[in-house]
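Here the structure is laid out as structure tokens; the discussion comes afterwards.
We did not get these values from a lab; they are worked out from the coordinates using the rules stated. Just so you know, these numbers come straight off a predicted model, no measurement behind them. Neighbour counts run over all protein chains shown; Cβ positions are idealised from the backbone, glycine included.
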Amino acid sequence: DYIKYMFETNLVEDYYYQISYLIAIELYELYKIDKDKALYILIDIITNGNDNNIFDMLKKYNIILNNSVETYERDFCKTFGLKIKED
């Protein structure tokens, strides 16, 4: 839903920032499990990624945006003693 919303709003600058942020969250969560793989993917994205191929690169590494956002948010809140939003 989030990705669909971004495509519909045409907020180009915000879109690139938010996609980058979502990629960073996914790579951070992967880093906690497999540091070498996360760093390899990060280096590949930095050296070879661009606006035209970023989604192909994510697909290549089976990275699904928004997959880890809730986990990241929960861990962030716990780390800083913030109240966790309940559903």
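Tabulated data for the structure shown
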| quantity | calculated |
| --- | --- |
| Residue-span extension gain [residue 16 to residue 69] - 0.36 nm each, minus C-alpha spacing | 17.4 nm |
| Packing rank of 35-41, 75-81, where each peptide gets the mean count of other beta carbons within 10 Å, highest leading | 35-41, 75-81 |
| Subset of 59/83; 35/83; 32/60; 37/78 violating a 24 Å alpha-carbon distance limit | 59/83; 35/83; 37/78 |
| 5 angstrom amide H check on residue 68, placed H, neighbours 5+ away | none |
| Cα gyration tensor shape for segment 43-87, rounded if a/c is under 1.5, else prolate or oblate | prolate |
| Backbone HN-Hα couplings from phi across segment 55-64 [Karplus 6.51/-1.76/1.60, Hz, Gly and Pro as x] | 5, 5, 5, 4, 5, 4, 9, 6, 9, 10 |
